[in-house]
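The values are calculated or read from the model by the stated rules, or taken from the named source; none is laboratory data. Being a predicted model, the structure only gives us computed values, none of them experimental. Note: ideal-geometry Cβ built from the backbone for every residue, glycine included; neighbour counts use all protein chains shown. We work out accessible area using only protein heavy atoms, side chains counted, and drop any ligands, DNA or RNA first. Shrake-Rupley method; radii C 1.70, N 1.55, O 1.52, S 1.80 Å.
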Amino acid sequence: MSEKKQLRHPETIITSHVNSDFDSVASMLAAQKLYPDSLVIFPGSQEKSLRDFFISSTSYLINVAHPDTIDFSTVERLVLVDTRQKKRIPPVITTHLINQRSDVTIHIYDHHPRHGDDLIGSLEVCEDTGATVTILTRMLREKEIDFSDEEATIMALGIYEDTGSFTFSSTTEADFHAAAFLLSKGANLSTISDLMVKEIRADQITWLNALISEMVCHRINGVDINISTISSSAYIPNLATIVQKLMKIEELGTLFAIVLMENKINVVARSRMGEADVGKILSDLGGGGHPYAASAKISDKTLAQVEQELLDILEKMVHGQNIVHELISSPPILIDALMPCREASRTMTRYDINSLLIFKGDRHHIVGFITRQVIEKTLYHKLDHLPVHEYMNSEFATISPEAQLSEIEHKIIDGKQRVLPVIDNDKVIGVVTRTDLFNYLVSRNKNEDLENPDLENSIRHAKKRNILPFINERLDKKLIALLKEIGHAGDQMNFDLYVVGGFVRDLMLYRESDDIDVVVEGDGIAFARHLARIKQGRCNTHREFGTAVVILPDGFKIDVASARLEYYKSPAALPTVEMSSIKLDLFRRDFTINTLAISLNSDGFGTLIDFFGAQRDLKDKTIRIIHNHSFVEDPTRIFRAIKFANRFDFSIGKLTASLIRNAVRIDFFKALSGRRVFSEIKQILEEEDPISAIQLIKAYHLDKIIHPELILDKTVIALMESVKKTLAWHDLLYLDPSYQRWAVYFMVMLKRCPVRVAHEICAKFRLAPRHKNAVIRDRLRADDRLYLLEKKLPCPNSLLYNLLSIFKTEHILYIMATAKKEESRKAISLYYTQLKDTEISVRGKDLVEMGMKPGPEFKEILQKILEAKLDGRLGSRDDELTYLKALYPQ
């Protein structure tokens, strides 16, 4: 029996932030010198060297207590060191002392910049130093509190680490003074050097290379921000050290490493630039730290979501040069609201502009804007005498001179506003036009094709690389030539074109794929018609979805779609479609592995574009959704996740799996039509080997979505294994290429269900009558015939033929797969390979020539001749005629 722990009753508790570093450990040690009767709750660390050092060398120096041994009701004072953020202190402290107690006094010692959600202490000693222990060292010196050589070493170690051995820009004079004092008190530089010099190990080189290969530089508000996103199924020790090494190797100004480890995403950030305060940036992701070093831990989000969220935060918080002064056109050209439309047209022509701001009364009282397209339409309808306020756009956004690029892009691009007034102290000082914005984007992204204003910001933040050599190696020359022709056709129409989705995914997986899906940033139907004319093919269009199919003279099909955005008005509803960009078109797709695109235009042919980490997930062999509401919007994606996992032998990511279970638990399928569910089930059953997919359906309880009484037990799975072997046997015969694989598996799925349940499933799936009859009526008949066959074996060929000849191929394969005896399977094989196509040469006219009158007995006579031939008693036509005469002598 274990001994009961002794409960302790402290008045003061000292703690620091979770994932402690040397500075926090040193600060807790120094704080305990200031509060002698206190207990320390150590929040833990991820750094292996720190943990080992602490356990072996410092545990006896600090009065550490386990939270389970503390009576928190006696605690009167909480001392926080190296943090003041509530979300970064140990949860046990938050639970017992912050949330439940209002009478606890809080003392804070910290060197981090203040954030809006910081805790407020009755005593706060917060100074702008390189390390928190610098502050506490000065206080120990002032109070003349003594400490040992080992304690001096630990405190000096905190200063050395947090100042980067006095090389970080945050280092202050106070840090040097504190370190000098600690050296005078016996701090051991050899020990500090051993712990500070972190040589990179062989296993860390792999992750260093992974971070380098996945690193993308984003130009955000004039500042270069490097982001690298990788994943690992196991924990990566000393990640911060690897990130620091990468900063030095590549001489980077700023780096954010987004790393999925096990089931959590870790973000480690380093910065040498004042424009990017990584501590503030990561605080918006639930983390924190210094302006130059910070980290965050995130659960229940995908890598793509975290990366996009980080980019959104960076757009708001990274402040480069003032962008408005680069974009503004000043002074603004304004017109009076009463000006006739014809005069407004002349003004636009005179100044060669496409939009005008409109004022009423005071020139700074802007009431709207009008565009050239509206003016020209007004003139076309002979309404040129009317004042511009009749047709102006009175709903408009404005910006201040301090506006960031993200705000300008949002208001011009998303708001479809051609001209953006710049307002300063209630006065309009200029405008930013759409042309101004895109001219800036072109100059800023010299390596990106942004010359078309309608391109919006569609390829910003994409990870791009040229894979033309790979394409030339993998694809047939004829297919490459076709892709180039498609790109050239796009050039002719000034459209940007991409081949996307499964074609690109399969190309990267070294799998064959001839299904070409082309996305057009522009009018996809107009492009499809243009391509059909060039290739002398046909074009079928679907105006509602902006899609078309080009059918070439040789029958080859090319699917064409306008880049589009889909949104769902309710869970499981069919999508509403709007025109969009390539990025938003890919964002609407199901899984990251299906979001790759390859540029087809002549000047960028063969450029692979990856917005959502698809290359990483292909490498990791993982199925991941792009956003957390993916299954809410379209629950059928769950079946597709299973299908792809089965087809490619991929695993389903932990978050994706969790969201599948969530969708099943909440039952988002209730609004989903049975026909859509059946379509996905049918596709799964058409796969080469659907069994692992069926097992996943069972594991996620999706079988109960199909029907609460559907039985997918071990017996059914075993029968499916038998179906797989039977279909493989059949396919090697090359006898009948046209049969429906799904039907054979589906009949086995229904085999152990009551007939009532089978009917209800077919009704829910809205199966066509022929399919319903096949999987229920004919399947039950097949079960009966198999029962008779196994009772009568061995039997003559004629009986075998009569038992099986009424069935189509699917039912013969079903019977063979479900047969219990090897003897039965051999008999069915004999029928299928040798007997089923047996014919006799005698016909009805032969019977007429013998003087017989046509009637029902003709069928019986011919059947007897066929049975005799099946049983080997007849060979040639003469044999058949001789047998006929013997049966019916004249």
Taking segment 132-165, which residues are farther than 16 Å from Ala293 by Cβ, surrounded by fewer than 22 Cβ atoms within 10 Å (Cβ to Cβ) and polar (S, T, N, Q)?
Ser148
Name the residues in segment 606-627 that are in a loop (DSSP other than H, G, I, E, B), at pLDDT 90 or above and buried (at least 19 other Cβ atoms within 10 Å of the Cβ), would you?
Gly606, Arg624
Mind counting the residues in segment 414-428 that are surrounded by 19 or more Cβ atoms within 10 Å (Cβ to Cβ), of a type in the set (A, V, I, L, M) and out of contact with any His (no Cβ under 7 Å at 6 or more places or on another chain)?
3
Condition set in contact with a Ser or Thr (Cβ under 7 Å, 6 or more places away or on another chain) and open to solvent by less than 40 Å² (accessible area, probe 1.4 Å), scope segment 371-412, selection farthest from Arg434 (Cα to Cα): answer is Ile375
Those residues of segment 877-890 which are part of a helix (DSSP H, G or I) and surrounded by 10 or more Cβ atoms within 10 Å (Cβ to Cβ) amount to Arg877, Asp878, Asp879, Glu880, Leu881, Thr882, Tyr883, Leu884, Lys885, Leu887
Determine if segment 493-511 includes at least one residue that is in a helix (DSSP H, G or I), at pLDDT below 95 and more than 30 Å from Asp617 (Cβ to Cβ).
yes
Per the list (1) open to solvent by 10 Å² or more (accessible area, probe 1.4 Å); (2) more than 19 Å from Thr171 (Cβ to Cβ), residue check on Ile281 breaks on (1)
Among the residues of segment 23-60, write down those that are modelled with pLDDT under 85, assigned to a helix (DSSP H, G or I) and within 37 Å of the chain's Cα centre (by Cα).
Lys48, Ser49, Leu50, Arg51
Can you pull out the residues in segment 796-817 that are of a type in the set (Ser, Thr, Tyr) and open to solvent by 10 Å² or more (accessible area, probe 1.4 Å)?
Ser798, Tyr801, Ser805, Thr809
If you take the residues of segment 399-427 that are assigned to a strand (DSSP E or B) and in contact with a Leu (Cβ under 7 Å, 6 or more places away or on another chain), which of them is nearest to Gln373 (Cα to Cα)?
Val419
With respect to Thr129, is the statement that it is crowded, with 16+ Cβ neighbours inside 10 Å, modelled with pLDDT of 90 or more and in a loop (DSSP other than H, G, I, E, B) true?
yes
When the residues of segment 250-260 are narrowed to those that are open to solvent by 10 Å² or more (accessible area, probe 1.4 Å) and touching a Leu at 6+ places or on another chain (Cβ under 8 Å), which ends up modelled with the highest pLDDT?
Leu260
Can you find a residue in segment 544-561 that is part of a helix (DSSP H, G or I) and at pLDDT below 95?
yes
Which condition number in (1) touching a residue at least 12 places away in the same chain (Cβ under 8 Å); (2) surrounded by fewer than 16 Cβ atoms within 10 Å (Cβ to Cβ) is the one that Ile366 fails?
(2)
Filter segment 304-343 for residues that are among the hydrophobic types (A, V, I, L, M, F, W, C), open to solvent by less than 40 Å² (accessible area, probe 1.4 Å), farther than 30 Å from Asp384 by Cα and touching an Asp or Glu at 6+ places or on another chain (Cβ under 8 Å) and give the result.
Ile313, Val318, Val324, Leu327
Within segment 166-179, the residues that are assigned to a helix (DSSP H, G or I) and open to solvent by 60 Å² or more (accessible area, probe 1.4 Å) are Glu173, Phe176, His177
Considering each residue of segment 349-363, count those that are open to solvent by 90 Å² or more (accessible area, probe 1.4 Å) and of a type outside the set (S, T, N, Q), and give that number.
6
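Every residue, every condition in (1) open to solvent by 50 Å² or more (accessible area, probe 1.4 Å); (2) in contact with a Gly (Cβ under 8 Å, 6 or more places away or on another chain); (3) touching a residue at least 24 places away in the same chain (Cβ under 8 Å), yes or no:
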{"position": "Gln695", "(1), (2), (3)": "yes, no, no"}
{"position": "His701", "(1), (2), (3)": "yes, no, yes"}
{"position": "Ile705", "(1), (2), (3)": "no, no, yes"}
{"position": "Leu710", "(1), (2), (3)": "no, no, yes"}
{"position": "Thr715", "(1), (2), (3)": "yes, no, yes"}
{"position": "Leu719", "(1), (2), (3)": "no, no, yes"}
{"position": "Leu727", "(1), (2), (3)": "no, no, yes"}
{"position": "Tyr739", "(1), (2), (3)": "no, no, yes"}
Exception for Arg460 within (1) modelled with pLDDT under 75; (2) open to solvent by less than 30 Å² (accessible area, probe 1.4 Å); (3) farther than 30 Å from Gly613 by Cβ falls at (3)
Show the residue pairs meeting these rules: Cβ distance below 8 Å; 6+ apart or different chains; first residue within segment 508-519 and touching a residue at least 24 places away in the same chain (Cβ under 8 Å); second residue of a type in the set (Asp, Glu).
Asp515/Asp559; Ile516/Asp559; Asp517/Asp559; Val518/Asp559; Val519/Asp585
Which condition breaks for Asp117 when tested against (1) more than 20 Å from Tyr35 (Cα to Cα); (2) surrounded by 13 or more Cβ atoms within 10 Å (Cβ to Cβ)?
(2)
Which of (1) open to solvent by less than 10 Å² (accessible area, probe 1.4 Å); (2) in contact with a Gly (Cβ under 7 Å, 6 or more places away or on another chain) does Arg766 not meet, given it meets every other one?
(1)
Looking at segment 846-867, which of its residues are in contact (Cβ under 8 Å) with a residue 24 or more places away in the chain, aliphatic (A, V, I, L, M) and part of a helix (DSSP H, G or I)?
Leu847, Ile861, Ile865, Leu866
Tally time: how many residues in segment 836-876 are at pLDDT below 85, open to solvent by 40 Å² or more (accessible area, probe 1.4 Å) and in contact with a helix residue (DSSP H, G or I) (Cβ under 8 Å, 6 or more places away or on another chain)?
1
Take the residues of segment 650-661 that are open to solvent by 20 Å² or more (accessible area, probe 1.4 Å) and of a type in the set (Gly, Ala, Ser): which is modelled with the lowest pLDDT?
Ser658
Pick from segment 662-690 the residues that are open to solvent by 30 Å² or more (accessible area, probe 1.4 Å) and modelled with pLDDT of 90 or more: which of them is farthest from Ser233 (Cα to Cα)?
Arg675
